[in-house]
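The values are calculated or read from the model by the stated rules, or taken from the named source; none is laboratory data. Since the structure is predicted, the reported quantities are computational estimates derived from the model, not experimental observations. Because the Cβ atoms are built from the backbone with ideal geometry, glycine has one as well, and the counts that use them run over all protein chains shown.
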Amino acid sequence: MDIKRNYYEDIELFKSNTILVWSILFLIFLAILPLFIQKYHPLGLSLYIVNLITVHAIVAIGLNILVGFTGQISMGHAGFFALGAFTTVILILRWSFPLWIALPIAGFVSSAFGFILGLPALRLKGPYLAIATLGFGMTITTIIKHMEFFGGRMGLQAPKLELFGTPMKDIHYYYVIMIIAVLMTIGAVKLIKTRVGRAFIAIRDSDIAAEAMGVNLTYYKTLAFAVSAFYAGIGGGLYAFILGFINPESFHLIMSITFLAMVVVGGLGSVMGPICGATLMTFLDIKLQAIQDISLIGPALVTFSQKYMSIAGISNIAVIVYGLIMILIVLFEPLGIFGFWIRTKRYWKTWPF
Amino acid sequence: MFGQLVVSGLAVGACYALIAIAMVIIYKTSEVLNFAQGEMAMISTFIAFTLLETHQVPFPYALALTFLFAILLAVFFELVFLRQAKDPTVLGLIIITLGFEMVLMGFVGWKWGPDQRALPFPVSNIEAYNFYGLIISKINFWTLIVSLVLMFILFLFFRYTKLGIAMRATQQNQLAARVMGIRTKWIFSFTWALSSMVGAVAGMLIAALGVLDPPMMMDPLLKGFASGVLGGMTSLPGAALGGALLGVIENLFGGYVSLSFKSVVAFAIIVLMLCIKPSGLLAKHYVKKV
C-alpha cells in the first residue's frame, strides 16, 4: 500500500496529496475561524476560549514529546508553564523587550530548567521520576510566590501590547498564537520524523536496547526534557497575555495533571492526539465550570446541590468529570482519541470485512 | 531553640511518616504509586468531621465509622478501577490514581464547599505540656504518641500475624505466594484497606494540627513522597525514619535559614536522595532484569 522507497519519503511532512489538501483546507478554516466565531458564537465559543485551547494544545504537544515519544513522565509541567509566563511578562515589563524576542527567551529559560531537571531524571524511572517532577512543579510555584521580584503572592499584570500603534485585541492575539501554534506543530511533526525523534522512540521502547544501538541516553533524555519545557515555556508566555494577569497560585498541581490528562486523553505518541485532547478537555472545563448555565442539566443539578451538596462547590463537577475521563480512557482506550480515530479508519478501509 | 525545633519537627514528621507508610504499604505489594493517597485521607477526615460536628457522634464511634468508610473506599477503588486495567503501564497506573484523586477532590469540594473548618478533636491544639523547659503543645505530643503506637502495631502485624506474613509473601513473589495457597487478590484489596486506614489517621492528625479544607493534603502528599524516597519506597521502617528526618530537617531549615522557603526542602531532599542513593536509606537496592 504505502511502501517507503527512500529516506526522504519517510521524513517528508505530508505523506500524500490527500493529507496535503486537507491540511491546507484546515489552515484556511483556522484563518477564517475568528470572523465566524465573533459573528455567531457557535456552542458558546468565544475567541478567548479558542486562544486558551490553542495555548493548551502547544503545551500538550510539548508534553507529548516527553511522555508519549520518549516515555518519561512529567508531573511538573505547570512549573515550566509558570516559568515561561513570568519570564515573558517580566522581560516586557521591566526591560521593555518586544514580544517576539521575549517569547523565545522565555522558551529557552524554561528549557534550561528542563535540562536541569532532566539530569536527575537520567537515573530515575517511572514512579520515581513522577515524584521528582511533581516536586519540581510544586517547588517552582513556591519560589515564585515568595520572591518579590516576581510580584509575590499578588502576581503580575501582563502589559498591554501594541501592534502598529494600536492596542492588540483578542483577534490579534488569535492570529499571533495560531501562527506560533502551527509552526510548533510542524516543528513537532518534523522532529519526530528525524534522527532525534527516532532516538526518542527507541528510548521509550527500551532504553537499554537503545543504548546498545548507540543512542546517547544522557543527551537524548535531557534533550527531550528541554524540548518539552521549551513548548511549555512558549505556551506560558502566550497564556499570560490571554489572561492579562498571572499569579503563582494558578500554576498548581492540578494544572500539571490537566496537561497530562490532555495528552493521555488525546493519545500518547501522536501529534494530532494532544491537539484533540487539549481541545476537548479545555472546552469541557470551561463549559463545566459554569454547569448551572447549561440548559436542562443545569437547573436539575442546582436543585440537587441545594438538597444534598453545597451550592458553592458546584463548579467542582468539572474536576469529577475530568478525573472520570482520565480513568475511563486508561481502562478502555489506552491510545485515547487518536486510537479511536485509527480504529475507525481501519474499520472503513477494510469494510465490509 | 534547637530542642524546641527538633521536638515540633518530630511531631509534624510523624504525620509525614504515616502518609509515607500508607504509600509504602501499597507500593511494596503492588508497585502502584498511589497519588490518590492524600485525597483518600482527606475524604475520610471530612467524613469524621461530619460525624463529629453535624451528627454529634461520640469520638470512638466516629473513629470506627471513619475507618469503615476508609476501608470501603479503598476496596471500592481497587476492585472497580485498578483491577480492571489489563496489563497497565506505569503511566497508566499513575493516571488512574491521579484520576481518582481528582474525582475525590471534586466530590469533597462539591459536598462540603471550599470553606476552612476546624476538626473537633479531643485534644486541644492551644494548651501545651512543659517537660523541663521544653514546651510541646498537647496536640503535637499526642500526634507523636499516636503515630508511634500505630507504627508499633503495624510492625507487630507484619511480623507475627498470619495475614501480615501472607502480605509479605505476596510482596516477595506473587506466583509462589499463590502456589502456597494465599489468595493474592484478597491480599491486594486488604493492602489498600490497610493503607487507607493509616492514611485516615494521618489525615485526621493533620487536620487537627491545622485546618480542614479540600486542598489540605496537597503539601503533605509531597512530603509523604519525600519521606518515602528518603527512607526507601520499599521499607516500612525506612518510611517512618524518613518522615521523622524530613520533619526535623524542614523545621531546622525554617528556624535557622528561611521560613518562607521551608517547603523547598522536601524537593531538594527528593532530588539529592534520588541522585545519591535512589533506593533510599533503609531499603535494599535491587536491579531488575531486562
Seminar exercise, completed: Filtering region A:106-141 down to residues that are more than 20 Å from the chain's Cα centre (by Cα) and surrounded by fewer than 18 Cβ atoms within 10 Å (Cβ to Cβ) yields A:I116, A:L119, A:L122, A:R123, A:K125, A:G126
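Would you please name the residue that is nearest to A:L331 (Cα to Cα), looking only at residues in region B:51-77 that are within 14 Å of another protein chain (Cβ to nearest Cβ) and surrounded by fewer than 16 Cβ atoms within 10 Å (Cβ to Cβ)?
In this case the residue turns out to be B:F76.
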For this session: Please note which helices (runs of 4 or more DSSP H) are completely contained in region A:280-353 and include at least 2 residues that are touching a Gly at 6+ places or on another chain (Cβ under 9 Å), modelled with pLDDT of 85 or more and more than 12 Å from chain B (Cβ to nearest Cβ).
Result: A:336-349
For this session: Would you mind finding the one in A:F86, A:F69, A:F81 that is within 14 Å of chain B (Cβ to nearest Cβ) and buried (at least 23 other Cβ atoms within 10 Å of the Cβ)?
Result: A:F69
Exercise. Which of the residues spanning region B:103-113 are touching a residue at least 12 places away in the same chain (Cβ under 8 Å) and at the interface with chain A (Cβ under 7 Å from one of its Cβ atoms)?
Worked result: B:M105, B:F107, B:G109, B:K111, B:W112
Problem set entry | Test for A:L134: is it part of a helix (DSSP H, G or I), in contact with a helix residue (DSSP H, G or I) (Cβ under 9 Å, 6 or more places away or on another chain) and within 13 Å of chain B (Cβ to nearest Cβ) | yes
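Conditions tested, residue by residue: (1) under 13 Å from the mean Cα position of the chain (by Cα); (2) hydroxyl-bearing (S, T, Y); (3) within 20 Å of A:N316 (Cβ to Cβ).
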| position | (1), (2), (3) |
| --- | --- |
| A:A240 | no, no, no |
| A:L253 | no, no, yes |
| A:A261 | yes, no, yes |
| A:L280 | yes, no, yes |
| A:A290 | no, no, yes |
For this session: Could you tell me which residue of region A:208-223 is farthest from A:L129 (Cα to Cα), considering only residues that are in contact (Cβ under 8 Å) with a residue 12 or more places away in the chain and surrounded by 16 or more Cβ atoms within 10 Å (Cβ to Cβ)?
Result: A:V215
For this session: Examine region A:76-92 for a residue that is within 26 Å of A:A210 (Cβ to Cβ), part of a loop (DSSP other than H, G, I, E, B) and in contact with a Ser or Thr (Cβ under 8 Å, 6 or more places away or on another chain), and state whether such a residue exists.
Result: yes
For this session: Please find, among A:L66, A:L30, A:L52, A:L25, the residue that is assigned to a helix (DSSP H, G or I) and within 18 Å of A:A130 (Cα to Cα).
Result: A:L66
Exercise. For residues in region B:78-92 being within 8 Å of chain A (Cβ to nearest Cβ), part of a helix (DSSP H, G or I) and of a type outside the set (G, A, S), which is surrounded by the most Cβ atoms within 10 Å (Cβ to Cβ)?
Worked result: B:L91
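Yes or no: B:T45 modelled with pLDDT of 90 or more, of a type in the set (S, T, N, Q), under 14 Å from B:A193 (Cα atoms) and crowded, with 16+ Cβ neighbours inside 10 Å?
Judged against the criteria, B:T45 is not a match.
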Exercise. Among the residues of region B:167-181 satisfying the criterion of being of a type in the set (A, V, I, L, M, F, W, C) and either at pLDDT below 85 or surrounded by 19 or more Cβ atoms within 10 Å (Cβ to Cβ) (or both), which is nearest to B:S124 (Cα to Cα)?
Worked result: B:M167
For this session: For residues that are in contact with a helix residue (DSSP H, G or I) (Cβ under 7 Å, 6 or more places away or on another chain) and at pLDDT below 80, scanning just region A:11-36, find the one that is surrounded by the most Cβ atoms within 10 Å (Cβ to Cβ).
Result: A:I11
Exercise. Within region A:177-207, how many residues are closer than 30 Å to A:I92 by Cα and without any contact (Cβ under 8 Å) to a residue 40 or more places away in the chain?
Worked result: 3
Exercise. With respect to the numbered conditions (1) buried (at least 19 other Cβ atoms within 10 Å of the Cβ); (2) away from every other protein chain (no Cβ under 14 Å), which one is the sole condition not fulfilled by B:L134?
Worked result: (1)
